[in-house]
Amino acid sequence: MSIRDLYSGVSPSTIALSTANRAKPPPEFTLVDYGVCILLLVLSLAIGLYYARRGRGQNTVRQFLLANRSMGSLPVALSLLATFQSAVAVLGVPGEIYRFGTEYWFLGCSYIIGLLVPAHIFIPIFYRLNISSAYEYLELRFTKTVRLCGTLTFIFQMVIYMGVVLYAPALALNAVTGFDLWGSVLALGIVCTIYTSLGGLKAVIWTDVFQTLVMFLGQIAIVVVGAAKVGGLGRVWDVASQHGRISGIDLNPDPFVRHTFWTLAIGGIFMMLSLYGVNQAQVQRYLSSHTERAAILSCYAVFPCQQVTLCIGSLIGLVMFVYYLDYPLSPEQAQISSDQMVLHFVMDILGGIPGLPGLFVACLFSGSLSTISSAFNSLATVTIEDLIRPHFPEISEERATLISKGLAVAYGLICLGMAYISSLMGPVLQAAISIFGMIGGPLLGLFCLGIFFPCANSTGAVLGLLAGLIMAFWIGIGNMVSNMTSKIMVPPPNGTGFPSYRNMTIVTVTTLMPFTVSQPTGIQRFYNLSYLWYSAHSSTTVIIMGLLVSLLTGGTRGQPPNPRTIYPVLPRLFALLPISCRNHLPCQGYNQDLSYETDTVPEKMSNGMLTSCGEEEVVVMPEQGHIQGDHGHAFILQETSL
C-alpha cells in the first residue's frame, strides 16, 4: 500500500481498477540538466571571485564581515529569505502538504508579527550599538561570560545544521536521480567555501540574490508544468477539496496537537523571532545595510517574499497529490520518504523536458548554497569577534581579515566533515534538524531577558539559558526516544508520525512529532508537545528562570544596565495613557533616548559601568565624546575593552 493510498482516503482496490502500474523507465538526467547545475555553481563562484577582486586593497574586517555597511534593502531582504529557505524547506513543505493537507499553510499568519518585532525592536537596538556580532550585545547588557555562553550555543547550533543541510538533499538526489552523492556534496561544499572566504558577506548576499531567483524559477516551473498535466489549478483545488486536503481553521487550543491554528500562528511567531530576530546569520545582514531605515525595510520586504514562497511550496504539494491520484505510484515508489517523493514527482513531470529537471536540482543546490554560505560567514564573524578579538585586542585589521577568511575555510571543512558524520547517523538526521529548533528558543529567551527586563542580571542570564537548553533537549530527545520505542501507526491527515526509519533519509522539521497507538499519559504526553511550541516553551523557561535567579541574587544591585541595551516596554505602554494618569505612575523615571537619526551610524559602543552623578542623564559615547542629556536618573558610560 502506498503513502498516497494511506492518506488520500482512496482505497487500493479503486486505484488498482483505475490504472495499471507504470512500466516506463524512470527519467534520467541529460547533458542539458547537468549543464544547468554546473552553470549555477560556476555563476555562484564567479560572483564571489568578482567581489573578492573588487574589494582588493580594502582588507578590513568591517568590509569582509559586514560588507562595509553598504547594502541596500532589496538584496538584504532576498538574502534574509534565502538564508533559511534551504533545500530541506524546498523538499519538506510540498511533502508536508502532500501527506497532511494545507494546515501547515496557516504558518503564514505568524510571519507578520514574527517580522514586525525584529524590525522595530531588535534591529534598532543592534544597529545603533554598531556591533558586528549579535552576541556583543550580551556583553554590553550583561558580562563577557554571558556573551561566551551565547556564542558557543550558536556555534553548536549551526555546525550541526550545516552538515545536515549539505548532506540530506544530496542523499535524496542520489536516491532519485542517480546524481553522484559525494560528488554533489564536495561540489557544493568547495564552491561555497571559496566564494564565502574570498568575497566576504557582500559576495554571500549577492549570490543569495541570484540563488533565490533560481529557487523561485525552479519551483514555479513545477507548478506550471504539473498543473497543466492534471488539468489546471482549478481542478487541483477541487480534487484536493474532495479528498480532504484543504484544511479549515482548527481552533483547538491543545498544544499537544501537532498542527492547529494556534500552534501555527502563535508557536510560529516564536520560531520566526528565533530565526529573524536574534540569529547571527540574519542579524549580520541587518547590520550590513547602509542605514537603519534600510535594515528595517529589508525586514518588511521579507514578509511578502515568505508568503509567496510558502504558497508556491503548498501548491507543489497539492499538484503532486492530484497527479498521483491520476497516475498512482508503483509499489516500489510507495516506500520512499516524503522528500524523495518531491524529487520523484519532478522527474515524472519534467523528465521529458531537457533542462527543467536540472533547473529544479539547481533550485535545491541554491537552497543549500545560500544556507551554508550564510552559516560560514556568521560563524567566522562570531568566532573572530567573540572568541579571538576579546583576548587579542591589539590584532591588526589586516591580520583579523586574514583570520576571518581562514575561519570561513575551516568551517567549510568542518561542514564537509559533518556531512560525512550525517551519512553515518541514519535516523538521527531528523534529530539534528529538531536540535536546530531546540537551540534557537533558549537563545531567543536570553536576548528577550536582556532587552525587555532591566532587572535581569548576568547570573540569571547564564542559569536561565542553561535551564532553557535542558528543558528543550529533555522534551526533544524524550520525544525521539519515545518515538523509537513506540509502535508507529499511520497518522490521520492532521496527525503526527514518522515514516518507516529504514526508508527515509530526512524529514523536514514539520514532520518530527510521533503518533503512537495508545494515547500517551503523564510524562509521555509531555514529550508529545508540538514541535512549533519548542521555541515558545524554551524561551519562556529562560525568561522565568532568569528573572527568578536575578531577583534572588539582588538584581542589578544599584547599577542599572546600559540604557541603550534596553527596550522600555512599560514606558512605551504608559505613553499611551493620558498625561494626568502618567503623572501618578511610580515607574516613569526609567527611560532611554532612542531619538537620534536612524540614517547615521554611531561609533561602536563599549561596555560600561553605570554610576549616578546628579539630576541629568548623561550618556558618553567614548569614541565620539558625544553627550546626550535627558531628565531622569544619571548614568555615565565608562569605556572598557571588549
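The values are calculated or read from the model by the stated rules, or taken from the named source; none is laboratory data. What you see is a predicted model, and the numbers here were worked out from it, not measured in a lab. Using ideal geometry, Cβ is built from the backbone for each residue, glycine included, and neighbour counts are taken over all protein chains shown. Ligands, DNA and RNA are stripped out before the accessible areas are found, and what is left, the full protein with its side chains, is counted by its heavy atoms. Shrake-Rupley method; radii C 1.70, N 1.55, O 1.52, S 1.80 Å.
Scanning region 232-253 for residues that are without any contact (Cβ under 8 Å) to a residue 40 or more places away in the chain and open to solvent by 60 Å² or more (accessible area, probe 1.4 Å) gives Asp238, Gln242, Leu251, Pro253. Only one of the numbered conditions (1) crowded, with 21+ Cβ neighbours inside 10 Å; (2) in a helix (DSSP H, G or I); (3) not charged (D, E, K, R) is not met by Ile312, and that is (1).
For region 86-106, residues that are surrounded by fewer than 24 Cβ atoms within 10 Å (Cβ to Cβ) and closer than 22 Å to Ala281 by Cα total 1. When Leu80 is tested against the conditions (1) buried (at least 24 other Cβ atoms within 10 Å of the Cβ); (2) of a type in the set (A, V, I, L, M, F, W, C); (3) touching a Pro at 6+ places or on another chain (Cβ under 8 Å), the lone failure is (3). In region 290-305, the residues that are among the small types (Gly, Ala, Ser) reach residues that are in a loop (DSSP other than H, G, I, E, B) with C-beta atoms within less than 7 angstrom, at least six apart or across chains, in these pairs: Ala294/Gly72. For the residues Val409, Val346, the requirement of being part of a helix (DSSP H, G or I) and farther than 23 Å from Leu49 by Cβ singles out Val346.
Please find, within region 59-85, the residue that is modelled with the highest pLDDT out of those that are β-branched (Val, Ile, Thr) and more than 13 Å from Leu287 (Cβ to Cβ). Taking the candidates together, the pick is Thr83. Within region 467-488, restricting attention to residues that are aliphatic (A, V, I, L, M) and modelled with pLDDT of 85 or more, the residue that is surrounded by the most Cβ atoms within 10 Å (Cβ to Cβ) is Ala472. Can you tell me which residues in region 284-304 are open to solvent by 30 Å² or more (accessible area, probe 1.4 Å) and under 15 Å from the mean Cα position of the chain (by Cα)? The one that is open to solvent by 30 Å² or more (accessible area, probe 1.4 Å) and under 15 Å from the mean Cα position of the chain (by Cα): Phe303. Checking each residue in region 217-230 for being of a type outside the set (D, E, K, R) and either part of a helix (DSSP H, G or I) or without any contact (Cβ under 8 Å) to a residue 24 or more places away in the chain (or both) picks out Leu217, Gly218, Gln219, Ile220, Ala221, Ile222, Val223, Val224, Val225, Gly226, Ala227, Ala228.
Among the candidates Ile269, Ile205, the residue that is in contact with a strand residue (DSSP E or B) (Cβ under 7 Å, 6 or more places away or on another chain), in contact (Cβ under 8 Å) with a residue 40 or more places away in the chain, in a helix (DSSP H, G or I) and crowded, with 19+ Cβ neighbours inside 10 Å is uniquely Ile205.
Would you confirm whether any residue within region 274-283 is modelled with pLDDT under 90, part of a helix (DSSP H, G or I) and surrounded by fewer than 24 Cβ atoms within 10 Å (Cβ to Cβ)? Yes, the conditions are met somewhere in region 274-283. Within region 158-190, the residues that satisfy the criterion of being open to solvent by 10 Å² or more (accessible area, probe 1.4 Å), in a helix (DSSP H, G or I) and either closer than 28 Å to Arg389 by Cα or of a type outside the set (A, V, I, L, M) (or both) are Val159, Ile160, Tyr161, Tyr167, Asn174, Thr177, Trp182, Gly183, Ile190. Within region 214-225, does at least one residue satisfy the condition of being crowded, with 21+ Cβ neighbours inside 10 Å and either over 28 Å from Thr30 (Cβ atoms) or acidic (Asp, Glu) (or both)? No; the residues of region 214-225 include none that is crowded, with 21+ Cβ neighbours inside 10 Å and either over 28 Å from Thr30 (Cβ atoms) or acidic (Asp, Glu) (or both). Taking the listed residues Tyr276, Tyr324, the one that is touching a Lys or Arg at 6+ places or on another chain (Cβ under 6 Å) and aromatic (Phe, Trp, Tyr) is Tyr324, with no other qualifying. Flag: Phe256 does not match the condition of being open to solvent by 30 Å² or more (accessible area, probe 1.4 Å) and under 18 Å from the mean Cα position of the chain (by Cα).
In region 452-466, the residue that is nearest to the chain's Cα centre (by Cα) out of those that are buried (at least 21 other Cβ atoms within 10 Å of the Cβ) and in a helix (DSSP H, G or I) is Leu465.
Ile421 satisfies every condition listed in (1) at pLDDT 85 or above; (2) over 28 Å from Gly267 (Cβ atoms); (3) among the aliphatic types (A, V, I, L, M) except (1). Residues in region 383-399 that are in contact with an Asp or Glu (Cβ under 9 Å, 6 or more places away or on another chain) and part of a helix (DSSP H, G or I) were compared, and the one that is farthest from Ser132 (Cα to Cα) is Asp386. With respect to the conditions (1) touching a helix residue (DSSP H, G or I) at 6+ places or on another chain (Cβ under 9 Å); (2) part of a helix (DSSP H, G or I); (3) without any contact (Cβ under 8 Å) to a residue 24 or more places away in the chain, Trp262 lacks only one, and its number is (1).
The lone criterion from (1) surrounded by fewer than 18 Cβ atoms within 10 Å (Cβ to Cβ); (2) modelled with pLDDT of 90 or more left unmet by Val117 is number (1).
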